[in-house]
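Peer 1: The structure under discussion is supplied below as structure tokens; questions concerning it will follow.
Read-outs: derived from the displayed coordinates by stated rules, not from any lab. Values in this document were obtained by computation on a predicted structure and should not be read as measured data. Please note: Cβ atoms are built from the backbone with ideal geometry, for glycine as well, and neighbour counts cover all protein chains shown.
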Amino acid sequence: MAKDSIKIRMPALGGQGAVTAAHIAATAADTEGYYAVSNPFFGAEKRMAPSESYTRLGTVPIYDRGEVIYPDIVMIYHPQVITMGKSYTMPFYAGIKENGLVIINSDVDLLSDSDKKFLDSMNVKVLTRDFTKFAVDLAGTELATNMAMLGALFGALGVIGKPAIEEGIKDRFLKKYVASGGTASLDSVIEKKFKKKMDLIEKNLETASAAYDLTAEWAKEVGLEPMLETI
Amino acid sequence: MTMKNTEMEEKNWSGQTMVSTDYILFEAPRTKHFMTGSEVLKEAMKRCTVDASVSYPITPQSEAAHLIGELWAEGYVGTYFRGENEFGVMSEVAGCAMAGARTVTTTSGPGTLRAMENFPMWSGTRIPCQLILMARGINSPLTIQPDNLEVSFLLETGCMIWYAENVQELFDMSIAAFTVAEMPDVHVPIITAVDGFFVSHTRESVMLPDDNIALKRYDPYAAPLPPIDSEMPPGRFLRDPFVMKSNYISYATHASWQWEVRSAVERSVPYAKHYLEGLVHITGDEDAEIVFVACGTASHQAKEANRELTKMGIKSKVVKLRTIRPFPHKELLEATKSAKHIFVPEFNVVGWLDKEVTQSLYSKSEAKIVGRPRVAGGMSMPVEAILREVFENVDVKKGA
Amino acid sequence: MSVDIYKINPEFRDIMPQEILDLEDNATWQSEGYEKRGINDLTDKKEILEEHSLCAGCPEAAALRYILAALPTPEETIIVNSTGCTSLMFPHIALHTVHSLFGNQNAVASGIKRTLAWRFPDKTKDVVVLAGDGATVDIGLDYTLQSFFRQERITTICFDNEVYANTGGQESGSTAKGQVFKMAPKGKVFDKVPMWELAVTSGVAYSVKLTASAPKKVAKVLKEAILVAREIGPTYIHLYTPCILEIGLAANEGLWEMKEQDKDRFVDFKYVSPEAEAHLKQCKKEGLY
């Protein structure tokens, strides 16, 4: 059932760091030797408005570009994506492929019966957890929600390990990075919260790691098959 | 003489009797005058009940532009002013048309390019304004001479493009242009192209109807989109939310809107056929194997060549394309049925008409298409040059 | 006559959404008898702006609401907008609005104003331009100033956030000297362009610079500008509406920032020509504002 490439769609709200997450995911995969491409949706960026980013990972070169219309994995970063329809697709899982995966950051179950029925029929597994709580508990800030989501993604995939995630996070936050306006503002806010950059890295890793373990455990429980081939 | 509207004689603000377009173009008695293209444009616009015009100087359209200004001073044109540059002018024209005015403007060469961003905006906004394009060469290097390379830049703007051959055609076409552009199922901008200097500054005889008649007023409430005048519920095209966001609805909306503009251009065909009396005009020998396909001045030059060839006992035909957008595919194919050699003489270096013709006739015609003679930068196209092409490409002893 | 165009066909009332019903039943259209529509209406009357998709806490959204509440005759007002953050609010306005290209807003507005004066010589129709600093001071400087030279009877409002916000935060002509933004990584080299002064030299009859920190102040200035544009000449309002995102503020810190700038870069500036002054006096006497 493992494929030679998978597509990930990450609907979020502006300011949550979904674009950063997509970038780190791709970088991490790239470190492990996978082919990887990441990009944000193309449009004006506004805080709390819909924001979407995409990551494509594969053991083969990836030519597909643009928005991911038919995802294998959909990661919902904020309940409002579903409850307020702050999404570019309706329903949020539109286009999802068979044997896919949905990860939802929420403390309550947001799916309707018909949602569940449809996803079941496609053998799509759904993980609903309060990943923001992870972030607040471990890193002391909601802004690390995206780190938790990243950990969950790789925990579910299983083929990319924690060292690669560490590389991805280090690459993003230690090197000089060209960010868009909103992202740059948030970077400086985050930096103010941590005395040293390395503190930030450490906290992010802890958060991602905890989410990784939780999701790997869950994947075993529900019998989630490997989605991506090993390199 | 059928003055059907004597019973309901309505006058416009300058006291002219408003008549049907058919009457002005086909029925009203005409008298002979002798004038340049620039001067004839004043005469045409004088009979068009024009609400608004905006001008800017650039050779060779400055004269036509200032003559429209005189019409305003004389009370024929509603509102008129000089804009700050062509980009500004075309945006001002857009504002006038959006607010419900029948609007005309003129430009040439570098001015056209300066205004470029406006033309797809015009067509997307579905405003039926008219641009008289007096074609002139594009920099670099600088030239103020006739050359119609600029038309190629306008081909995909979504505007209609008609091409006038001489002073007489400029008069009639620019009047018909308003009527066709303003049809509710068309309602897109129209560019009436004409060659600078060859027509704008050349004096020749023309037949004009009296100037006490004019087109009926433009009715902005018959438009497919409401005018911006706070007299009708607001139109939803430039400002709808789904066009402002990034999502699949907005992508599909944008694409379908643009397709609709091109469809609207195609819907002009029956009206253009009527008011122009055909999308193509054919002169010469019906069954000729040597066919010249041309527009504007090149068509004139081809007619000279046709005459010379006839004197030599060689048959030829001139197919003058009157509309470029919509492109007269069917009419061109029909007119070139007998062709074995098609020549496309042009006044530009790239041969944009040659490309259009070749693409149109691909796998439909057995004729060999030759995109020559091609002159540019102001060069005139003497008939000798055309004849030389014919003799180099056609074995005329075999009898054409 | 025009407020009728916003009225619902009685046969469709039962299927109309509440906000559309409210627009007819509870909005402050001038010809329905609301002689002094204004900021106080914001508490319980239906606004002409339904919602906006700007960042939470954006001062531009607040400023637009003040302006729409203060328009003397909204049903006869046409607003011409330009590309930028402001354009994201325009689809939600219940009036005739136009979004054209970028920088050509005053040119389009000139065409509209002249045509409306030609088509409706006996009616008062207000044409207002509302655009950001990039559109007004940089890419549109030519067309903005030229509309002033030509004495077009238009009110031009610049929402100045001192940056190209919608494209991610690049330096604009309106950025303060020394400020670091994208495309000015070493800090802006030249001074903030004094557009409100350029407006005066270019021939406006009324030019004001202020922040949007005080709603009623914005409303007063807007009313004055429109009244002067009706009879005297072009008018200009330069309004500070900071981009909280680009200057790293939280959603609720915009007001504080504007209050700070009331004392600094946006200290009050007001120019009123003698004719405009006389006209406003007359308007006050007639109770127009």
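Peer 1: Show me, bin by bin at 10 Å from 0, the whole-percent P(r) of segment B:283-398 based on Cα pairs.
Peer 2: Taking every Cα pair in segment B:283-398, the percentages come to 15, 52, 30, 3.
Peer 1: Another question about this same structure. As a check on your grasp of the helix formula, calculate [θ] at 222 nm for the protein assembly as shown: sum -39500 (n - 2.57) over DSSP H runs of n ≥ 4, divide by the residue count, round to the nearest 500. Walk me through the intermediate numbers first.
Peer 2: Details: 30 runs with 335 residues, N = 920.
Taking each H run of at least 4 residues, the total per residue is -11000 deg cm²/dmol.
Peer 1: Here's another thing I want to ask about it. Take the Cα atoms of segment A:105-169, build their convex hull, and give its volume per residue in Å³.
Peer 2: On the way: hull volume 5.6 nm³, N = 65.
Measuring per residue, one finds 87 Å³ for the Cα hull of segment A:105-169.
Peer 1: How big is D, in µm² s⁻¹, for segment C:76-194 by Stokes-Einstein at 37 °C and 0.692 mPa s if Rh is the Kirkwood radius over C-alpha pairs?
Peer 2: On the way: Rh = 15.0 Å.
Once the numbers are plugged in, D ends up at 219 µm²/s.
Peer 1: I would also like to ask the following. Rg over Rh of chain B, using C-alpha atoms and the Kirkwood radius, what does it come to? Could the numbers behind the result be given before it?
Peer 2: Values: Rg = 21.4 Å, Rh = 21.8 Å.
Radius of gyration relative to Kirkwood radius: 0.98.
Peer 1: Quick one: Debye curve from the C-alpha atoms of chain C, no solvent, what's log10 I(q)/I(0) at q = 0.10, 0.11 Å⁻¹?
Peer 2: Log10 I(q)/I(0), no solvent term: -0.51, -0.62.
Peer 1: What is the ratio of the Cα radius of gyration of the protein assembly as shown to 2.2 N^0.38 Å, where N is its residue count, to two decimals? If you can, show how the numbers build up before the last one.
Peer 2: Numbers: Rg = 32.4 Å, N = 920, 2.2 N^0.38 = 29.4 Å.
That ratio works out to 1.10.
Peer 1: Can I ask one more? Roughly speaking, what % of Cα-Cα pairs in segment C:1-133 are separated by over 20 Å, rounded to a whole number? Could the numbers behind the result be given before it?
Peer 2: Working: 4357 of 8778 pairs.
For segment C:1-133, the fraction of Cα-Cα distances above 20 Å is 50 percent.
Peer 1: Taking only the alpha-carbon positions of segment B:11-221 and ignoring solvent, what does the Debye formula give for the base-10 log of I(q)/I(0) at q = 0.12, 0.13, 0.15, 0.18 Å⁻¹?
Peer 2: -0.54, -0.64, -0.87, -1.30
Peer 1: Below 8 Å, C-alpha to C-alpha, sequence gap of six or more: please give me the relative contact order for chain C in percent.
Peer 2: Working: 574 pairs, mean separation 49.7, N = 289.
Once divided by the residue count of chain C, the mean separation gives 17 percent.
Peer 1: What is the log10 of I(q)/I(0) for segment A:1-45, computed with the Debye formula using one identical point scatterer on each Cα and no solvent, at q = 0.17 Å⁻¹?
Peer 2: For segment A:1-45 at q = 0.17 Å⁻¹, log10 I(q)/I(0) is -0.54.
Peer 1: Test of understanding: express the Cα radius of gyration of chain A as a ratio to 2.2 N^0.38 Å, with N the residue count. All intermediate terms of the calculation are to be shown ahead of the outcome.
Peer 2: Details: Rg = 16.2 Å, N = 231, 2.2 N^0.38 = 17.4 Å.
In units of the globular-protein estimate, chain A measures up at 0.93.
Peer 1: Given R₀ = 35 Å, what would the calculated FRET efficiency be for residue B:203 paired with residue B:358, taking r from the Cβ atoms and rounding to 0.05? Mind dumping the intermediate values first?
Peer 2: Working: r = 36 Å, r/R0 = 1.03.
The pair residue B:203/residue B:358 has a calculated efficiency of 0.45.
Peer 1: Pop out the ³J(HN,Hα) list for segment A:154-171 in order, Karplus 6.51 cos²θ - 1.76 cosθ + 1.60 with θ = phi - 60°, rounded to Hz; leave Gly and Pro as x.
Peer 2: These are the phi-based 3J(HN,Hα) values: 6, x, 6, 6, x, 8, 10, x, 4, x, 5, 4, 4, 4, x, 5, 4, 4 Hz.
Peer 1: Among DSSP beta bridges lying fully in the protein assembly as shown, give the percent that are antiparallel, nearest 5.
Peer 2: Details: 36 of 110 bridges.
Beta bridges within the protein assembly as shown, antiparallel portion: roughly 35 percent.
Peer 1: Out of residues 5 or more away from residue C:181 or on other chains, whose amide H comes under 5 Å of its own, with H placed 1.01 Å from N in the peptide plane?
Peer 2: Answer set, sorted by chain and number: C:187, C:188.
Peer 1: Separate question: Exposed loop chymotrypsin sites (Phe, Trp or Tyr not before Pro) only (DSSP loop, at most 14 other Cβ atoms within 10 Å): please give the longest stretch of chain B free of them, not including the sites. Before the final figure, lay out the partial values.
Peer 2: Details: sites that count: B:13, B:362.
After excluding every exposed loop site, the longest remaining stretch is B:14-361.
Peer 1: Based on the Cβ-Cβ distance from residue A:167 to residue A:196, what FRET efficiency comes out when R0 is 30 Å, to the nearest 0.05? Kindly include the intermediate steps, with their values, before the conclusion.
Peer 2: Working: r = 19 Å, r/R0 = 0.64.
FRET efficiency, residue A:167 to residue A:196: 0.95.
Peer 1: Please sort by residue number the GluC sites (Glu not before Pro) in segment B:338-376 whose DSSP state is loop and whose Cβ has at most 16 other Cβ atoms within 10 Å.
Peer 2: Details: sites: B:346, B:356, B:366; in loops: B:366.
Counting only loop positions with at most 16 other Cβ atoms within 10 Å, the GluC sites (Glu not before Pro) in segment B:338-376 are B:366.
Peer 1: Work out the length of the dipole vector of the protein assembly as shown about its Cα centre, built from +1 on the beta-carbon of each Lys and Arg and -1 on the beta-carbon of each Asp and Glu, and round it to the nearest 20 debye. All intermediate terms of the calculation are to be shown ahead of the outcome.
Peer 2: Details: 98 positive and 120 negative charges, 249 e Å.
Here the size comes out at about 1200 debye.
Peer 1: Rg to Rh ratio, segment A:57-174, alpha-carbon atoms and Kirkwood radius? All intermediate terms of the calculation are to be shown ahead of the outcome.
Peer 2: On the way: Rg = 15.2 Å, Rh = 15.6 Å.
A ratio of 0.97.
Peer 1: What does the net charge come to around residue B:88 if you take all other residues with beta carbon closer than 14 Å to its beta carbon, with K and R at +1 and D and E at -1? Provide the component values of the computation, followed by the final result.
Peer 2: Numbers: positive: B:82, B:114, C:114, C:150; negative: B:84, B:86, B:92, B:117, C:142, C:152.
Summing Lys and Arg as +1 and Asp and Glu as -1 gives -2.
Peer 1: Once amide H atoms are built 1.01 Å from N in the peptide plane, which residues 5 or more positions from residue B:100, or in another chain, come under 5 Å H to H?
Peer 2: B:228
Peer 1: Also, quick follow-up: Return the loop-located GluC sites (Glu not before Pro) in segment B:253-319 (DSSP other than H, G, I, E, B) with at most 16 other Cβ atoms within 10 Å of their own Cβ; answer none if there are none. Let's see the in-between values first.
Peer 2: Values: sites: B:260, B:266, B:277, B:286, B:289, B:304, B:308; in loops: B:277, B:286, B:289.
Passing both the DSSP loop test and the Cβ count: B:277, B:286.
Peer 1: Over chain A, calculate the relative contact order: mean separation of alpha carbon pairs under 8 Å at least 6 apart, over the residue count, as a percent. Display every interim value, and only then the final one.
Peer 2: Numbers: 446 pairs, mean separation 56.4, N = 231.
Over chain A, the number comes to 24 percent.
Peer 1: Taking 0.36 nm per residue of sequence separation and subtracting the Cα-Cα distance, how much length would be gained by fully extending the chain between residue A:229 and residue A:174, in nm to one decimal? Display every interim value, and only then the final one.
Peer 2: Working: separation 55, 0.36 × 55 = 19.80 nm, distance 3.00 nm.
Result: 16.8 nm gained on full extension.
Peer 1: Highest first, please rank the peptides A:211-219, A:50-58 by the mean number of other Cβ atoms sitting within 10 Å of their residues. Before the final figure, lay out the partial values.
Peer 2: Details: A:211-219: 19.4, A:50-58: 26.0.
Ranking, from highest mean packing down: A:50-58, A:211-219.
Peer 1: Between exposed trypsin sites (Lys or Arg not before Pro) in chain C, where DSSP calls loop and at most 12 other Cβ atoms lie within 10 Å, what's the longest gap? Show your work: numbers first, answer last.
Peer 2: On the way: sites that count: C:7, C:177, C:186, C:263.
Segment C:8-176 is the longest.
Peer 1: Only sites in a loop by DSSP and with at most 12 other Cβ atoms within 10 Å count here; which GluC sites (Glu not before Pro) in segment C:43-136 make the cut?
Peer 2: Numbers: sites: C:47, C:50, C:51, C:60, C:75, C:76; in loops: C:47, C:50, C:51.
Here the sparse-neighbourhood loop sites are C:51.
Peer 1: Can you check what the net charge comes to around residue B:65, using other residues whose Cβ is under 12 Å from the Cβ of residue B:65 (Lys, Arg +1; Asp, Glu -1)? The partial results should precede the final answer.
Peer 2: Working: positive: B:42, B:82; negative: B:63, B:70, B:86.
It works out to a net charge of -1.
Peer 1: If the viscosity is 0.890 mPa s and the temperature 25 °C, what translational diffusion coefficient in µm²/s does Stokes-Einstein give for segment B:341-400 when Rh comes from Kirkwood over Cα pairs? Don't skip to the answer; put the middle values down first.
Peer 2: Working: Rh = 12.4 Å.
Estimated diffusion coefficient is 198 µm²/s.
Peer 1: Also, quick follow-up: Just round it to a whole percent: the fraction of Cα-Cα distances in segment B:27-97 exceeding 18 Å. Walk me through the intermediate numbers first.
Peer 2: On the way: 1028 of 2485 pairs.
Tail of the P(r) past 18 Å holds 41 percent of the pairs.
Peer 1: How high is the relative contact order of chain B? Use alpha-carbon pairs under 8 Å, at least six apart in sequence, and give a whole percent. Could you put the intermediate results ahead of the total?
Peer 2: Details: 827 pairs, mean separation 68.0, N = 400.
Once divided by the residue count of chain B, the mean separation gives 17 percent.
Peer 1: What is the sum of charges around residue A:165, taking Lys and Arg as +1, Asp and Glu as -1, for the other residues whose C-beta is under 14 Å from the C-beta of residue A:165?
Peer 2: Net charge around residue A:165: -4.
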